[in-house]
Amino acid sequence: MTKGIVLRKMGPEDQVWVKDLLRERWGSPRIVTRGRVHKVDQLSGFIAEDQETPIGLLTYRIDGDACEIVSLDSLQESGGVGSALVAAVIETSTKHGCKRLWLITTNDNITALRFYQKLGFRLVAVHRNAVDASRELKPEIPLIGMDGIPIRDEIELELRIDP
Ligand SMILES: CC(C)(COP(=O)(O)OP(=O)(O)OC[C@H]1O[C@@H](n2cnc3c(N)ncnc32)[C@H](O)[C@@H]1OP(=O)(O)O)[C@@H](O)C(=O)NCCC(=O)NCCS
């Protein structure tokens, strides 16, 4: 792991920080994927810290033999924080016997598409116009996203896990 980054499990004491971070970065502590609303502070997660200062958060949910990354935020980009958090969730899903680690990102998020593909994730589905339905559940989702790209589609990526 990159020097200085320490990972720990998210706990009840982190709820305020987690909710504030999600509000700041995603407009709300609620994340919508595939028509499901996730209250991120109620999920499992990992927090990355540098000298006890939080610099990243990943939340996930295990359902049967699949693990979904629900949110991922790095507060110190290009320093290995995001990769370290994904490595931690790969380890946890492997321990739980998961066969698939998956996530949803939106069509505007070119950074995430690049990031996950470099880590071995594959694009497995484009859910066209799925964000229209998500907006009904979470009206805070903006019409225009990163790089001025209209946010329309949910893109599903997955990493198959070999036991
Ligand atoms: C996507 C995201 C989580 C990546 O986090 P990150 O901390 O920048 O990720 P990493 O540092 O591990 O990897 C990013 C890059 O840094 C490089 N890198 C990794 N470790 C490094 C290190 N020790 N030193 C320098 N560079 C490093 C990686 O190779 C990668 O290179 P690339 O820019 O050419 O792709 C981050 O950009 C983010 O928070 N984005 C906004 C929220 C978001 O979109 N989340 C995902 C939605 S599901």
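Brief remarks follow.
- Options 74, 134: the member that is in contact with a strand residue (DSSP E or B) (Cβ under 7 Å, 6 or more places away or on another chain), hydroxyl-bearing (Ser, Thr, Tyr), within 12 Å of the ligand (Cβ to nearest atom) and closer than 17 Å to residue 40 by Cα: 74
- Among residues of the stretch 105-118 that are under 19 Å from residue 134 (Cβ atoms), those with a Cβ under 6 angstrom from a residue that is assigned to a helix (DSSP H, G or I) and among the aliphatic types (A, V, I, L, M), sequence gap 6+ or separate chain, pair up as 105/112; 108/146; 109/146.
- Qualifying residue in the stretch 16-25 (condition: within 16 Å of the ligand (Cβ to nearest atom), over 25 Å from residue 145 (Cβ atoms) and of a type in the set (Lys, Arg)): no
- Output for the stretch 46-77, where each listed residue is in contact with a Lys or Arg (Cβ under 6 Å, 6 or more places away or on another chain), surrounded by 15 or more Cβ atoms within 10 Å (Cβ to Cβ) and more than 11 Å from residue 89 (Cβ to Cβ): 47, 66, 73
- For the stretch 78-89, the set of residues classified as of a type in the set (A, V, I, L, M) and crowded, with 17+ Cβ neighbours inside 10 Å consists of 81, 84, 85, 86, 88, 89, listed by residue number.
- Unique residue being within 8 Å of the ligand (Cβ to nearest atom) and either of a type outside the set (Val, Ile, Thr) or part of a strand (DSSP E or B) (or both) when the list is 105, 111: 105
Residues are listed down the side, and each one gets a yes or a no for (1) β-branched (Val, Ile, Thr); (2) loosely packed, with under 13 Cβ neighbours inside 10 Å:
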residue: 103; (1), (2): no, no
residue: 111; (1), (2): yes, no
residue: 128; (1), (2): no, yes
residue: 135; (1), (2): no, no
residue: 138; (1), (2): no, no
residue: 143; (1), (2): no, yes
residue: 151; (1), (2): yes, no
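- Matching residues, the stretch 86-102, being within 15 Å of the ligand (Cβ to nearest atom) and in a helix (DSSP H, G or I): 86, 87, 88, 89, 90
Read the figures in this text as sums done on the coordinates, not as results from a lab. All values reported here derive from a predicted model rather than from experimental measurement. So basically every Cβ, Gly included, is an ideal-geometry build from the backbone, and we count neighbours across all protein chains shown.
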